[in-house]
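**Student:** Below you'll find the structure I mean.
The values are calculated or read from the model by the stated rules, or taken from the named source; none is laboratory data. Because the structure is predicted, anything quoted here is derived from the model rather than measured. Using ideal geometry, Cβ is built from the backbone for each residue, glycine included, and neighbour counts are taken over all protein chains shown. What goes into the accessible areas is simple: the full protein's heavy atoms, side chains included, and nothing from ligands, DNA or RNA. Shrake-Rupley method; radii C 1.70, N 1.55, O 1.52, S 1.80 Å.
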Amino acid sequence: MARAFGRHGFQVGLIARTREKLDTLVGELTGLGVTAAAFPADIRDRDALTTALTAARDTLGPIDVLEYSPSPTGPITNAVQTTVESATAQFELNVLGAVSAVSAVLPDMRARGDGTLLLTTGVSSTIPAPFLANVGLAMAGLRNWAHTLHAELKAEGIYVGTVTIASGVIPGGGEADPDAIGDRYYRMYQQRDRAEQVIGDLDAFRALVAQYVGGHAEPATSTVR
């Protein structure tokens, strides 16, 4: 996404926990002629996330596009194994982090009457999967909120879209290629006409869930969420 938007003249602010990883990504983007800067923060720390977004605005200028897509962290639990703790961990990561990020940038967007919010979820937001129960619980909440934001903010000139990733992200993998995914996000930003895009095959994931429910071995969950 950073490459896709950077190719079209955007300055890019990157937020993640690890400074070294961010510096590497900034170096790669700079080598492509993209102006980029790093703002380390753990998105589960809501004050730190707000501070990072404020620093990005102060450094790069008004935030025109916010894209939120945390990497999965913490234990993933089956439905019957889901506890308050495991559900809370995913809710803090996927939902409360998104609410904090949107809250930090939305006032300026509303004042300008323009802006884009892109919120990423995984396939478990759409298709209930027992082996991704606590993740799906949070992802479904984020997807629902994205759709309500889309409906509420459209009249104010602010576009909200959600992307459901129903595939592993695979270099050279057609629509699942990282650059193809980045281009999809950029087209959403340009066209601003759909609340949701799906990348991948929902029916294939339904079949995977059916296989699990039918008593076969638990599927690997490292590439879908």
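**Student:** Starting at 0 and stepping by 10 Å, how many percent of the alpha carbon pairs of region 27-158 end up in each bin?
**Tutor:** Cα pair-distance distribution for region 27-158, in percent: 12, 37, 32, 17, 2.
**Student:** For all pairs of alpha-carbon atoms in region 47-86, what percent lies in each bin of width 5 Å, listed from the first bin to the last filled one?
**Tutor:** Reading the bins upward from 0: 5, 16, 16, 15, 12, 10, 11, 9, 4, 1.
**Student:** Let me ask something additional. Give the carbon-plus-sulfur fraction of the accessible surface of the chain in %, rounded to a whole number; probe 1.4 Å, heavy atoms of protein chains only.
**Tutor:** 52
**Student:** Nearest 500 deg cm²/dmol is fine: what mean residue ellipticity at 222 nm does the chain get from its DSSP H runs of n ≥ 4 alone, each adding -39,500 (n - 2.57), divided by its residue count?
**Tutor:** It comes out at -15000 deg cm²/dmol, rounded to the nearest 500.
**Student:** At a Förster distance of 30 Å, what's the computed FRET efficiency of Ile170 paired with Thr83, Cβ-Cβ distance as r, to 0.05?
**Tutor:** Efficiency for this residue pair is about 0.40.
**Student:** Taking the Cα atoms only, what angle lies between the long axis of helix 97-112 and the longest principal axis of the chain, rounded to 10 degrees?
**Tutor:** Computed tilt is about 40 degrees.
**Student:** Rounded to the nearest Å, what's the spacing between the alpha carbon centres of region 83-130 and region 1-44? Just the number, please.
**Tutor:** If you average the Cα positions of each part, the centres end up 20 Å apart.
**Student:** Which ³J(HN,Hα) values in Hz, rounded to whole numbers, follow from the phi angles of region 135-152 under the Karplus curve 6.51 cos²θ - 1.76 cosθ + 1.60, where θ = phi - 60° and Gly and Pro get x?
**Tutor:** Working through the residues one at a time gives 5, x, 4, 6, 4, 5, x, 5, 4, 4, 5, 4, 5, 5, 4, 4, 5, 7 Hz.
**Student:** A further question follows. With no solvent and one point per C-alpha, what does the Debye sum give as log10 I(q)/I(0) for region 66-119 at q = 0.22, 0.23 Å⁻¹?
**Tutor:** The computed values of log10 I(q)/I(0) come out as -0.81, -0.85.
**Student:** Helix 46-60 versus the longest principal axis of the chain: what angle, 0 to 90°, nearest 10, using Cα atoms?
**Tutor:** For helix 46-60, the angle is close to 40 degrees.
**Student:** Just the accessible area per residue of region 72-225, please: how many Å² with a 1.4 Å probe?
**Tutor:** Accessible area per residue: 45 Å².
**Student:** Let me know the charge dipole size of the chain about its Cα centre in debye, to the nearest 20, where only the beta-carbon of Lys, Arg (+1) and Asp, Glu (-1) is charged.
**Tutor:** 180
**Student:** For every other residue with a beta carbon closer than 13 angstrom to the beta carbon of Ile43, add +1 if it is Lys or Arg and -1 if Asp or Glu, then tell me the sum.
**Tutor:** -2
**Student:** First select every other residue whose beta carbon is under 10 angstrom from the beta carbon of Met109; then total the charges, Lys and Arg +1, Asp and Glu -1.
**Tutor:** Neighbour charge sum, excluding Met109 itself: -2.
**Student:** In addition: Over region 90-188, what is the relative contact order in whole percent, taking alpha-carbon pairs under 8 Å and six or more residues apart?
**Tutor:** This gives 29 percent for region 90-188.
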